[in-house]
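I have placed the structure first, in the form of structure tokens, so that the comments after it can refer back to it.
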Amino acid sequence: MRKPQAGAGSGRRKQAASQEGREQHSRRSRQAKPLAPDGLAGQQEEEVSQAPISPYHLFRDTAEIIAFRGSLLSWYDREKRDLPWRRRAEDEVDLNRRAYAVWVSEVMLQQTQVATVINYYTRWMQKWPTLQDLASASLEEVNQLWAGLGYYSRGRRLQEGAQKVVEELGGHMPCTAETLQKLLPGVGRYTAGAIASIAFGQAAGVVDGNVVRVLCRVRAVGADPSSTLVSQQLWSLAQQLVDPARPGDFNQAAMELGATVCTPQHPLCSSCPVQSLCRAHQRLSASQSPPGIPDVEECAPNTGRCQLCLPHTESWNHTLGVTNFPRKPSRRPPREESSATCILEQPRAPGGARVLLVQRPSSGLLAGLWEFPTVSLEPSGQHPSKALLQELQNWAGPLPATYLQHLGEVVHTFSHIKLTYQVYGLVLEGQTSVTAAPPGARWLTREEFHTAAVSTAMKKVFRVYEAHQPGTCRGFKRSQVSTPSTRKKPSRGQQVLDNYFQPVSSTAQ
């Protein structure tokens, strides 16, 4: 069988990441329970657990469960990808170091492709091979190494967790899923189960986006997997299936199957080791059978009462096959926002040309990272020209009478925000060089910028600036950005700027 590339499974752990975010909010108001469903109070858990579940969505007996475990693990032993965190977990004899290595990989893999994580993980473990090393690092160092990986709060919480283990737990990692989730910041149900099973051999099931897909297809669960009832049932199935003799391998095998074979759009059913136990595949085979062949087992046909089946409004679509499962939850589109940002450069600064960066607040989006001076654009707010110029002067002091020149725009989508940056440049030529910067600001060379703790969005912004050959911004004309014949319809942010961002003097208030 052809092995998939390391980047397969871009949806790795997405559901686990959003789920664990809800868990952190829930934990503020109640004490964590071992492997408890997300965000449920005790009475609600009891009510949900009493909901009737059709045997169609369960495993019939112990023999079927054992067959599933054996087939999956045999396949995993043959086909598993060679990944650095797996090698480290297998070779490391010290349990605390092994648990730390697993923890780092699981946090990095949330919302991020395997191929992207490999390099980050390798550099991280080379720089901070132990909990003690990470605990003694600065947040600036952590953000700098994490830059470009996205979801930056993950790195911060990982370091906070390492500091707690070192300072409060004597350097010893909690060894059960319950205590991991209870004691470590940023560790939710999924990550706790992964660390406990892979590092400590606890028979704790895990459910991430890949496992959701596998279980929904194997047991034909068509209801919304993000709902409380379905989520609880999937966790119950995962706990029932996990192999007590090889829990870590089993959990990794289930995730590997979802990432490389049971994929979202084009599953390789002919290569699936549990095909014979998959209700979705059985249903597909039945739909393709000649007339007269008996139908496969179904769940309470035509009653519409089962809470785990496909909704009656979304009946089986034979053209989709097994990808009828799982049901795709509705997603809100990201909200749109606009900002103006300016690259302020001193081309004749000592040691080479330098650009000004300022640090973002310590909480919120991109907390603690560095960016070019930036202001949000509001249609009813202050003229953006005055706002951006004032922001520049707040950090760099009085500026010479000159013009801010528009260079283009950058659109970057975060998890919940689609942000359009209007990019401007200002070059301080013929002026006295300024090397000192107030607290929260830095003058960096281009080389320093590329290794600093800056977001991917800011790197895109800087590429727009570099494309126009720094030092020529003063003569840059708006018509050079796009001609009337080719220019696209301006965005809301660009319309605001076109109306208000005319050349302005530095004395404007």
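The values are calculated or read from the model by the stated rules, or taken from the named source; none is laboratory data. Predicted model only: the values in this text are computed from it and were never measured. So basically every Cβ, Gly included, is an ideal-geometry build from the backbone, and we count neighbours across all protein chains shown. The accessibility values were calculated without ligands, DNA or RNA, using every heavy atom of the protein model including side chains. Shrake-Rupley method; radii C 1.70, N 1.55, O 1.52, S 1.80 Å.
Observations, loosely collected:
- For peptides 363-371, 75-83, sequence by mean Cβ density within 10 Å, most packed first: 363-371, 75-83
- Cross-link pairs exceeding 31 Å between alpha carbons, from the set K80/K459; K80/K418; K127/K164; K164/K418; K182/K418; K182/K460: K80/K459; K80/K418; K164/K418; K182/K418; K182/K460.
- Rounded accessible area of K328 (nearest 10 Å², 1.4 Å probe): 140
- Residues D61 and H318, FRET efficiency given R0 of 35 Å [Cβ-Cβ distance, rounded to 0.05]: 0.70
- Estimated FRET transfer efficiency when R0 is 25 angstrom, pair Q239-S74 (beta carbons, to 0.05): 0.70
- In terms of its alpha-carbon gyration tensor, the range 107-247 comes out prolate; a/c meets the 1.5 threshold, and the first ratio a/b outweighs b/c.
- Placing R0 at 41 angstrom, the Cβ-Cβ distance between E429 and E168 gives a FRET efficiency of 0.15 after rounding to 0.05.
- Length available on full extension from T456 to S271: 0.36 nm per residue minus the Cα-Cα distance, which gives 62.9 nm.
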